[in-house]
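Just below is one structure, and these are the notes that go with it.
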Amino acid sequence: MTDVDPYYPHIGWLLPRHLTWLRAHGVPMAAIVQPEPVRLARGYRAADGRFEHFPSGPAWLVFLEPEDLIFWRPGTVEMATWNGRSFALGESVIDNAATFALGYPLNVFANPVDWLRAGRDGVVIIAWDRTFDRLRDCPHIAVVNALHAKLEHHLQPPRMPKISVLREMVETRPNHRRSA
């Protein structure tokens, strides 16, 4: 997992009120502390979707991902990343063969609290523009009803190449690939 280093904003431990809030929303303690404990930061989401540390800002829960930090402001849909590398909360399960063992699907949740309630069994997508590239090889995906149409929309290739049919070589066009 991500090592918290000086390049990341100040990240602290959850306070009792945050634990109480999570537990009151049905989050099991195991999901709060494993595989990495949920942490706490204060700040704002910048216009580019990145987290801006600000000591007197609102509280955000922080999730350590392999190449990034993901921030979520509890009680809202507001999410941010530290360096913009993460596609989703829990994204390491996408490439884990055990995720799909015995025919199980990759679960896609609408928000972090539902994901936590499910014991972090799946992902919460935060960068929808990367959905096709990251999920196209998944053999089975289960999604909450509220996200079904959005997921289907984003599982289409964002662009397709123009395709033309080759015909016999026309002498008016030199073969630019041949070496002299």
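Residues that are in contact (Cβ under 8 Å) with a residue 60 or more places away in the chain and under 26 Å from ILE141 (Cα atoms), at least 1 per element: which strands (runs of 3 or more DSSP E) completely within the range 1-97 meet that?
Once the strands (runs of 3 or more DSSP E) in the range 1-97 are filtered for at least 1 residues that are in contact (Cβ under 8 Å) with a residue 60 or more places away in the chain and under 26 Å from ILE141 (Cα atoms), what remains is 59-65, 68-72.
Examine the range 93-109 for a residue that is modelled with pLDDT under 95, closer than 27 Å to ILE11 by Cα and surrounded by 12 or more Cβ atoms within 10 Å (Cβ to Cβ), and state whether such a residue exists.
yes
With respect to ARG173, is the statement that it is at pLDDT 95 or above and open to solvent by 80 Å² or more (accessible area, probe 1.4 Å) true? Write out each step before concluding.
Details: at pLDDT 95 or above: no; open to solvent by 80 Å² or more (accessible area, probe 1.4 Å): yes.
Judged against the criteria, ARG173 is not a match.
The values are calculated or read from the model by the stated rules, or taken from the named source; none is laboratory data. Note that the structure is predicted; figures quoted are calculated from it, not measured. Virtual Cβ from ideal backbone geometry, glycine too; neighbours counted across all protein chains shown. Just so you know, the surface numbers come from the protein's heavy atoms only, side chains and all, with ligands and any DNA or RNA stripped out. Shrake-Rupley method; radii C 1.70, N 1.55, O 1.52, S 1.80 Å.
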